[in-house]
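The values are calculated or read from the model by the stated rules, or taken from the named source; none is laboratory data. Being a predicted model, the structure only gives us computed values, none of them experimental. Here Cβ is always computed from backbone atoms with ideal geometry, including for glycine, and neighbour counts include all displayed protein chains. Surface areas here come from the heavy atoms of the whole protein model, side chains and all, with no ligands, DNA or RNA. Shrake-Rupley method; radii C 1.70, N 1.55, O 1.52, S 1.80 Å.
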Amino acid sequence: MLTIVKGPYLQWPTTDSMTIMWETSEPASSKVQVLVAERIHSGYQGNYKKPDQIHSTYSQEGYSTIHQLTVRDLDASTIYFYKIYSENEQGEVESGPYPLKTAVKKGEPFSFTVTSETGGYSGFDPSNGQINKNIFHQMQRYRPDFTLFVGDVVNDGENYEDWEKYFFGPGKEFMVNTPFYSCLGNHENNASWYYDFFAFAPPKNYYSFDYGDVHFLCLDSTDFIKFENYPHSTGEMSPGNTQYDFLIDDLKSTSAKWKMVFFHYPPYVSGGYQVEDLRQLCPILEQYGVDLVFNSHTIVYERSHPLRAGKIDFDEGIVYIVAGGAGAMPQWLLPKRDWHTSQSLAVPHFVQVVVTSDHLEMRAIDEEGRLFDTFRLRKDSDSKKEFY
Ligand SMILES: [Fe+2]
């Protein structure tokens, strides 16, 4: 019997399109219907009437098990609904309607969440996956426009079952209406499933995108620091390396007001698994005005002071946030904080960021919804920063 085994889930939101993916048990056809619903102030599905007006239909030739369809010609910052359909000789399946929201335009506010380690913590997790479910549930309550995963979303990326067990399974209700981005952690093992299941821009292990007034850059730190050399780099972070050249060209070419970078290994954390060799990237991030860096790998929460040139700098520094997310390893922290640590706590958590054109708010929230860290940053028209 034909069944849907993953998703549907949302990928790569733009101001006029959304990519929808799902997996079926057997090769089957792919079809997506985009629906619109009239907005009302009470009643069915919150403040929307039942989505029964068809906006557009997209389908693809041929059969596949992993389905990927991009719906286009949508309006920016707009809520639509979608349904998916697959069919083969064994039968037909459908799912939906679910809401989706297109990306906001420049100048419009939005929010996103950040977490990681849904699989990396699995070997230590006494809750047998309950933490993952709690984190997804809490993120859903905050209704982010999208989410960043900073790697280790599975325990072993080469193991097909891991992707459902640690990631798509516990995240199902969240991912059905929230697009996400991810970077490679060491636990993904650079496996082909990462490239099959995600619709990021090629080459997928590093890429960039704009959302509102923010330029986001995803890097593959497992390529900069190869497994056999970990935790040391052997020259990959120098001109001629494809990813290194991409990093510089990408940051050079963006004029976005805010710049945020995410990659797995943390250059700054007052705990085990800090990868100091990655500080070789910091002068580049500083030169091109990066505001926030998100990392993981150490399964704790930590926020650095604003840092520049290896020192605390509240005028031009970058804040490094370790969002070790869906887990907590208290014994991985040093007995006392390091000089660069502003706040640090080993609790399961996610990070919420709210962005307007001039202000940025960041909050760290635990698996029961409690706020335990926050900071705000203002940037005026000549890009001067002020933390407050
Ligand atoms: Fe890791």
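What residue, among those in the range 170-207 that are among the aromatic types (Phe, Trp, Tyr) and in a helix (DSSP H, G or I), is farthest from Tyr244 (Cα to Cα)? Filtering the range 170-207 for residues that are among the aromatic types (Phe, Trp, Tyr) and in a helix (DSSP H, G or I), the one farthest from Tyr244 (Cα to Cα) comes out as Phe174.
Name the one entry in Val261, Val214, Val269 that is modelled with pLDDT of 95 or more, surrounded by 21 or more Cβ atoms within 10 Å (Cβ to Cβ) and over 21 Å from Tyr288 (Cβ atoms). Working first, answer last.
On the way: Val261 fails: over 21 Å from Tyr288 (Cβ atoms); Val214 fails: over 21 Å from Tyr288 (Cβ atoms).
From the options Val261, Val214, Val269, the qualifying one is Val269.
If you scan the range 161-182, which residues turn out to be among the hydrophobic types (A, V, I, L, M, F, W, C), under 15 Å from Thr115 (Cα atoms) and more than 16 Å from the ligand (Cβ to nearest atom)? Of everything in the range 161-182, those that are among the hydrophobic types (A, V, I, L, M, F, W, C), under 15 Å from Thr115 (Cα atoms) and more than 16 Å from the ligand (Cβ to nearest atom) turn out to be Phe168, Phe174, Met175, Phe180. Scanning the range 296-321 for residues that are under 19 Å from Val355 (Cα atoms) and not basic (Lys, Arg) returns Pro306, Glu316, Gly317, Ile318, Val319, Tyr320, Ile321.
Does Glu316 satisfy the criteria of being at pLDDT 95 or above, open to solvent by 20 Å² or more (accessible area, probe 1.4 Å) and in the same structural domain as Tyr288 (by TED's automatic domain parsing)? Give the derivation first.
Numbers: at pLDDT 95 or above: no; open to solvent by 20 Å² or more (accessible area, probe 1.4 Å): yes; in the same structural domain as Tyr288 (by TED's automatic domain parsing): yes.
So Glu316 does not fit the description; no.
Looking only at the range 333-356, residues that are more than 21 Å from the chain's Cα centre (by Cα), open to solvent by less than 70 Å² (accessible area, probe 1.4 Å) and either of a type in the set (D, E, K, R) or at pLDDT below 95 (or both) come to 1 in all.
Kindly indicate the residue of the range 183-195 that is in contact with a helix residue (DSSP H, G or I) (Cβ under 8 Å, 6 or more places away or on another chain) and closer than 16 Å to Glu117 by Cα and also most open to solvent (accessible area, probe 1.4 Å) among those meeting that condition.
The initial filter retains those residues of the range 183-195 that are in contact with a helix residue (DSSP H, G or I) (Cβ under 8 Å, 6 or more places away or on another chain), namely 183-186, 188, 190, 193-194.
Now restrict to residues that are closer than 16 Å to Glu117 by Cα: 183-186, 188, 190, 194.
Details: Cys183: 0, Leu184: 0, Gly185: 2, Asn186: 51, Glu188: 1, Asn190: 87, Tyr194: 1 Å².
Once the filter is applied, the top-ranked residue is Asn190.
Condition check ((1) farther than 28 Å from His359 by Cα; (2) in contact (Cβ under 8 Å) with a residue 12 or more places away in the chain; (3) touching a helix residue (DSSP H, G or I) at 6+ places or on another chain (Cβ under 9 Å)) across all residues:
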{"residue": "Ser86", "(1), (2), (3)": "yes, yes, no"}
{"residue": "Ala103", "(1), (2), (3)": "no, yes, no"}
{"residue": "Phe110", "(1), (2), (3)": "no, yes, no"}
{"residue": "Val114", "(1), (2), (3)": "no, yes, no"}
{"residue": "Tyr121", "(1), (2), (3)": "yes, yes, yes"}
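Looking across the range 347-388, just one residue is in contact with a strand residue (DSSP E or B) (Cβ under 6 Å, 6 or more places away or on another chain) and of a type in the set (Gly, Ala, Ser), and that is Ala364. For the range 128-160: of the residues being more than 14 Å from the ligand (Cβ to nearest atom) and in a loop (DSSP other than H, G, I, E, B), which is most open to solvent (accessible area, probe 1.4 Å)? Top of the filtered list is Arg143.
Take the residues in the range 245-283 that are in a loop (DSSP other than H, G, I, E, B) and more than 16 Å from the ligand (Cβ to nearest atom), then tell me which one is farthest from Val150 (Cα to Cα). I'd like the intermediate steps shown before the answer.
As a first pass, look at the range 245-283 and keep what is in a loop (DSSP other than H, G, I, E, B): 254-257, 263-270, 272-275.
Next cut, more than 16 Å from the ligand (Cβ to nearest atom) only: 254-257, 270.
Working: Thr254: 22, Ser255: 24, Ala256: 22, Lys257: 22, Ser270: 18 Å.
Within the range 245-283, the match that is farthest from Val150 (Cα to Cα) is Ser255.
Screening the range 70-127 for residues that are within 24 Å of Ala28 (Cβ to Cβ), within 23 Å of the chain's Cα centre (by Cα) and buried (at least 22 other Cβ atoms within 10 Å of the Cβ) and picking the one that is nearest to the ligand (Cβ to nearest atom) gives Leu100.
If you go through the range 51-66 and keep only what is without any contact (Cβ under 8 Å) to a residue 60 or more places away in the chain and within 23 Å of Phe198 (Cβ to Cβ), you end up with Tyr58, Ser59, Gln60, Glu61, Gly62, Tyr63, Ser64, Thr65.
Checked against (1) touching a helix residue (DSSP H, G or I) at 6+ places or on another chain (Cβ under 7 Å); (2) at pLDDT below 95, Phe136 passes all but a single condition, namely (2). Cβ separations smaller than 6 Å between residues 6+ apart or across chains give the following pairs from the range 232-246 residues that are surrounded by fewer than 16 Cβ atoms within 10 Å (Cβ to Cβ) to residues that are at pLDDT 95 or above and among the acidic types (Asp, Glu): His232/Asp277.
In this structure, Ser95 does satisfy being touching a residue at least 24 places away in the same chain (Cβ under 8 Å) and in the same structural domain as Asp16 (by TED's automatic domain parsing).
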